[in-house]
Amino acid sequence: QVQLVESGGGLVQAGGSLRLSCAASGRSVSMGWFRQAPGKEREFVAAIVWSSGTISYANSVKGRFTISRDNAKNTVFLQMNSLKPEDTAIYYCAADPARQLWTGVHASELHYWGQGTQVTVSS
């Protein structure tokens with residue numbers, strides 16, 4: 001069993017920055033971030049594979065968002081820079097004990113989720 005606890009998020013103006021954190025308990029796992037805007041499907045944002053450190057990003061956030069991890073604390077971070085109003089969404093942390101490939105993953109394939117944290121970017 002894996003428990004995920006998120007922190008961070010909030011309200012920021014366009015062009016600003018926010019940092020999200022997600023701490024996993026139970027076991028070491030690969031972790032990723034998804035987001036869901038009102039009326040839209042939950043979409044992949046970024047992920048990092050536990051064993052290899054391989055990182056993947058959605059095209060929409062490449063060059064603006066950075067995912068990183070603290071192995072000792074079993075925690076991943078999502079640094080979000082140059083935020084845009086279209087980044088507004090609830091951001092969810094997700095975990096998978098064995099997943100190596102995150103590109104193209106659909107939210108329905110994952111079973112461990114954080115509670116979500118709201119990110120609002122004003123124009």
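The values are calculated or read from the model by the stated rules, or taken from the named source; none is laboratory data. Computed from a predicted model, the values in this text were never measured in an experiment. We place every Cβ from the backbone using ideal geometry, glycine too, and count neighbours over all the protein chains shown. Ligands, DNA and RNA are excluded from the accessible area calculation, which covers all protein heavy atoms including side chains. Shrake-Rupley method; radii C 1.70, N 1.55, O 1.52, S 1.80 Å.
The phi torsions of segment 10-26, fed into the Karplus equation with coefficients 6.51, -1.76 and 1.60 and a -60° offset, translate into couplings of x, 10, 9, 7, 4, x, x, 10, 9, 10, 9, 10, 9, 9, 9, 10, x Hz, rounded to whole numbers, with Gly and Pro shown as x. Could you compute the net charge surrounding Glu86? Neighbours are other residues with a C-beta less than 11 Å from the C-beta of Glu86; K and R count +1, D and E count -1. So the environment of Glu86 carries a net charge of +2.
With θ taken as phi - 60° and the Karplus curve 6.51 cos²θ - 1.76 cosθ + 1.60 applied, the whole-hertz 3J(HN,Hα) list for segment 54-61 is 4, 10, 9, 9, 6, 4, 5, 10 Hz, x standing for glycine and proline. Close amide-amide hydrogen proximity is noted between Phe65 and Asn81, each under 5 Å apart and 5 or more residues distant or on a separate chain (H modeled in the peptide plane; Pro and chain starts excluded).
The charge dipole of segment 1-56, taken about its Cα centre with unit charges on the Cβ of Lys, Arg, Asp and Glu (plus for the first two, minus for the last two), comes to roughly 20 debye. Dipole check for the chain: with +1 at the C-beta of Lys and Arg, -1 at the C-beta of Asp and Glu, and the Cα centre as origin, the magnitude is about 180 Debye. Using a probe radius of 1.4 Å on heavy atoms only, what accessible surface per residue do you get for the chain? Whole Å² is fine. Here the per-residue accessible area is 50 Å².
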